[in-house]
Each structure stands twice: as C-alpha cells, then as structure tokens.
Amino acid sequence: MSTSAQDSATADDFSSGFRKLNTKHSSGPPPERVKGAVSEIYNGVASWSTQGDFWNWGLHDEDVLREIRSLIPGFDEHGTDGFSEQLYFQALRQVPVPLADYAGKKVLEVGCGLGEGLNFVSRIIDASEVVGLDLSQAATDRANARLSRGERLRFVQGDAEDLPFADGEFDVVLNVESSHNYPDLGGFLNEAARVLKPGGYLSHIDLFIDQSHELLGRIKQQDGPLEWIEDVDVTERVRSAIRKRLEPGSFYRRNFSAKKLSVKTRIMMGRGGSHLAGADFVGHRDVVDQVLEATRIRPRRAQQSYHSYRHHIARKKP
C-alpha cells in the first residue's frame, strides 16, 4: 500500500461507509454516494483484513473442497478456513474452459477487493495475464504491494461501470460478490461484454434482492451482447459457509476477536463480526444486534431482503 493510501485508510472508514450506504433515501441513494460509501468500506477493510480471514461470504461444498485440495494440497490448513476460496473456485470451475487450457489467456476480475481471491485463482490457472480491478484505491494499492507479480498478476483502480480496458481485451471476466454494490448493473454487464473477446465468458456470482433479480431477468431477455448459458442457485451452500463462520470458536470468530478495531467499527460489523460475515442472510440476529438497530446506534440495512445467491455464466456473442 502506498504511504498516502495507508495514511488515509483506517478501520473507521468501514463504519463511515456503512452508515452512508444504509442511509434511507425516498428514491434510492444517488449513484455517486453509493460508490463513495462502498469505496470507504473497502478502504477500511484494507486497513485491518489479514490474508485469509474474509474475502466474501464463502461457500461450503465438500466436492469443491476436494477438488481444490487435489490442486493445492493443504491450502486450507494455514491461515484460512477455505470458504472464500471455495466461492472463487465455484466461479472459475463453471466457466466452460478447462483449468488446464488457460495458457495464453487473459483474465479480469471486476471488484477484486484486496486481491486475495484473484491471487488464489492465479495459483490454479496458468493464464498469461491476470488483472484485478476495484473502486477502492487503498485496496488495489495493498493488493499490488502484497500480491502483484508483473503481468502475471496486477491490480488497478477503476469503476466497474467504466472499465479502463480496450474492447475485446479479455478471455474471461470474473465478478464475485460485488455487483450488488453497483448502482447500474446493466452498465456493468455492458462493460464486461465490451472488454470480452467474442466467445469469451463472464462468470457472475452474487446475492440478490427481488429488484436486482427481476432486473437481471429483464436484461437476460434482451437481445444484448451476452448469451446467458447457465444459472445455478448456490444459496444453501453459501448459507452453510456463513453458519460455520458464525459458530463459537470458528477461525473467523477467533481472527475477528483479535483485531484492533474501534468500538464504533465493531458495532457496525456486528457482534463477533456477524454482520460482516452475512448473519442477516441466515436469519442470525441476536439481542445485541436488535438493540443497536432499535436505538439507531447502528443503522438498519437499507436492503435486508437478500433472498438468494446465484451463479450466472454468459458468453459474448460473436
């Protein structure tokens, strides 16, 4: 992380961004406010997250776990619970490109956060170029400082709705638990299609509320640049990972407890980091959480009706 980004990014950015993101607006928050709040949240995460503690809500699937262990033996025995990696592997393995056939290909992840997920992907495939993009400058600065390996793996700051890449530059675009934060889902999908080569693939895996699910359904029915070829409901596998992280004494709980965070940041993240880990998605709401929201010490999430977690694959039309 550059000195300037490190100086400006603190754990309290998370609580500031969370509060802004969940401030109610009669017609929805302005797009630039959403982007600013999301960037603040990930600036904050960049200041305290360690290597394997939290990249996403995770996925728990014994078959996926066995596949990863066959490729990277013991990957989940040191500094990680393995759930976040399983979600990334799900995003990768469903792409109709054999893992052994990535030589010479270029892969982009939009919404890469701190880059740990894409770093994991780069250990599985032998792509010629792997690029991560995120809105948070602090996140991409940290990712480059800790993980970059020249063209083999690098990170850039940018907007998912205005990608700083040439037309047809990538063979595969990944988007993992990120697009629910985008004000314009359609704009992102158009940009993803633009930077894909004809015949290239988008792997999009994320959580949905009624409105976003209906919007994606309408987009899929349009005669756009993408052909939608797969839709897999992974809701229960994601919920299984969340429940395991919320168990007392879990790897996630132990790591969260050890972090040096201010009281207000801990309040925003929920008791024991439960809010951050996806507690709402599994109906986990303890008395402390209810009191904090009832007294408005912590804002109630503006969107608490996430009902499913889905994985979509699309191919760019010739």
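Results, tabulated for the structure shown:
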item: Surrounding net charge for GLU227, when Lys and Arg each add one and Asp and Glu each subtract one, Cβ distance under 12 Å; result: +2
item: Cα point-scatterer Debye curve for segment 50-154, base-10 log of I(q)/I(0) at q = 0.18, 0.23 Å⁻¹; result: -0.88, -1.40
item: Exceeding the 20 Å Cα-Cα cut-off - candidates LYS105/LYS317; LYS220/LYS316; LYS35/LYS259; result: LYS35/LYS259
item: Among beta bridges that DSSP assigns inside segment 65-159, antiparallel share in %, nearest 5; result: 10
item: Extent along principal axes [Cα atoms of segment 147-260; Å; largest to smallest]; result: 49, 40, 24
item: Derived scalar couplings ³J(HN,Hα) [segment 59-71; Karplus, 6.51 cos²θ - 1.76 cosθ + 1.60; whole Hz; x for Gly, Pro]; result: 8, 10, 8, 4, 5, 4, 4, 5, 4, 5, 4, 6, 8
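Quick note: the coordinates plus some simple rules give every number you see, no bench work behind them. Computed from a predicted structure; not experimentally measured. In this analysis, Cβ positions are derived from the backbone assuming ideal geometry, glycine residues included, and neighbour counts consider all displayed protein chains.
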